[in-house]
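Contents: one structure, followed by commentary.
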Amino acid sequence: MRIVDLTSADEGLIRQCAKLLVEGFRVMAPDGWTTMDEALAELAECLADGYICRVAVDETGTVLGWIGGRPAYDGHVWELHPIVVRPAQQRQGIGRALVLDLEAQVKARGGITIQLGTDDQNNLTSLGGVDLYPDPLDHLRQIRNLHGHPFEFYQKLGYVFIGLLPDANGFGKPDLFMAKRVG
């Protein structure tokens, strides 16, 4: 496997990435990218000047996963958005390699922190389906992973919770915010 920049000239890889985005988010975020057109629009955004768009490919040129990074706060902070790994290749280190590669890319650009949002739209954590008010942070301190939510993946890579937005995707569907200092 190798990780390379994805460019707007890589039409074949872009189509593979778009298909992977639709397939990869079908279960985790069913309201995410449901069509190829939506996924291609997301890719076009990720390929904008100043953004990071990296793709993991195998020796045959098949896309195994991809990751995007968006600058904020004058480049001091970057948002990891999105990341997706081919379902059949998950839990083989591809996602980890993509995140570590993004961290190196951000650090090389002078970035200090990477932040991300990881939604719970399907009650995968103890925060899903719950009224988090009046004390959302108390709920966050007691979070439990009920059904394979990816927050633990990020924790293993050193990311920590920095907050949450209750009802971000509708009642009982919060967005969980995590970050890591890389620079």
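Things to note:
- Within the range 92-122, the set of residues being assigned to a helix (DSSP H, G or I), small (Gly, Ala, Ser) and buried (at least 17 other Cβ atoms within 10 Å of the Cβ) comprises 95, 97.
- Tally of residues being out of contact with any Pro (no Cβ under 9 Å at 6 or more places or on another chain), closer than 18 Å to residue 114 by Cα and crowded, with 22+ Cβ neighbours inside 10 Å across the range 56-71: 1
- Where a residue in the range 125-137 is free of Cβ contacts under 8 Å to residues at least 40 places away in the same chain and its partner, wherever it lies, is surrounded by 15 or more Cβ atoms within 10 Å (Cβ to Cβ) and outside any loop (DSSP other than H, G, I, E, B), with Cβ under 6 Å and at least six apart: 136/164
- In the range 5-45, the residue that is farthest from residue 92 (Cα to Cα) out of those that are in contact (Cβ under 8 Å) with a residue 40 or more places away in the chain and within 14 Å of the chain's Cα centre (by Cα) is 42.
For every residue, the table says whether it meets (1) more than 15 Å from residue 121 (Cβ to Cβ); (2) surrounded by 14 or more Cβ atoms within 10 Å (Cβ to Cβ).
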| position | (1), (2) |
| --- | --- |
| 142 | yes, no |
| 148 | no, no |
| 151 | no, yes |
| 154 | yes, yes |
| 161 | yes, yes |
| 165 | no, yes |
| 170 | no, no |
| 175 | no, yes |
| 179 | yes, yes |
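- Residue within the range 77-88 that is part of a helix (DSSP H, G or I), closer than 23 Å to residue 32 by Cβ and in contact (Cβ under 8 Å) with a residue 12 or more places away in the chain present: yes
None of the figures in this text is laboratory data; all of them are computed from the coordinates on show. Source: prediction; values computed, not measured. All Cβ positions, even for glycine, are placed from backbone atoms using ideal geometry, and neighbour counts span all protein chains on display.
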